[in-house]
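Below: one structure, written as structure tokens.
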Amino acid sequence: MRLLLLSALLVTTPVLAQVRTIPPDAALAKMSHVQGRVVKLNDKELELSPGAQIRDPMNHIVFPEMVPPGALVRYRLEMNGFVHQVWVLTAEEAAQAPSAPPGPAK
């Protein structure tokens, strides 16, 4: 029984200790899904790249439709101007975000 409990703890501990790293060059914006692969970052509509990843506050990869309208996010564009990576901010990450309004999408 003890061995079973110990093995369960060893398996779940790395999951609980997962650290989320958002690159410092990721821009800040409010995001909403428009339709299909199109999202609105602040007031500019942009298309998601073919391999785009959107991560929710739990760091799960989600579909654009699952992002709450007006969610505060950090994002990165790929070289052709498509949105390639998005992180929906947690309450703690949002509190650490600059108090100035988010800048326009690039």
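The values are calculated or read from the model by the stated rules, or taken from the named source; none is laboratory data. Keep in mind that what you see is a predicted model, and the values were worked out from it rather than measured. Note that we place each Cβ from the backbone using ideal geometry, even for glycine, and neighbour counts take in every protein chain shown.
What single numbered condition from (1) of a type outside the set (Ser, Thr, Tyr); (2) part of a loop (DSSP other than H, G, I, E, B); (3) at pLDDT below 95 fails to hold for VAL15?
For VAL15, the failing item is (2).
Report every pair of residues separated by at least 6 positions or lying on different chains whose Cβ atoms are under 9 Å apart, first residue within the range 50-69 and within 13 Å of VAL83 (Cα to Cα), second of a type in the set (Asp, Glu) and surrounded by 10 or more Cβ atoms within 10 Å (Cβ to Cβ).
So the pair list comes out as GLY51/GLU78; ALA52/GLU78.
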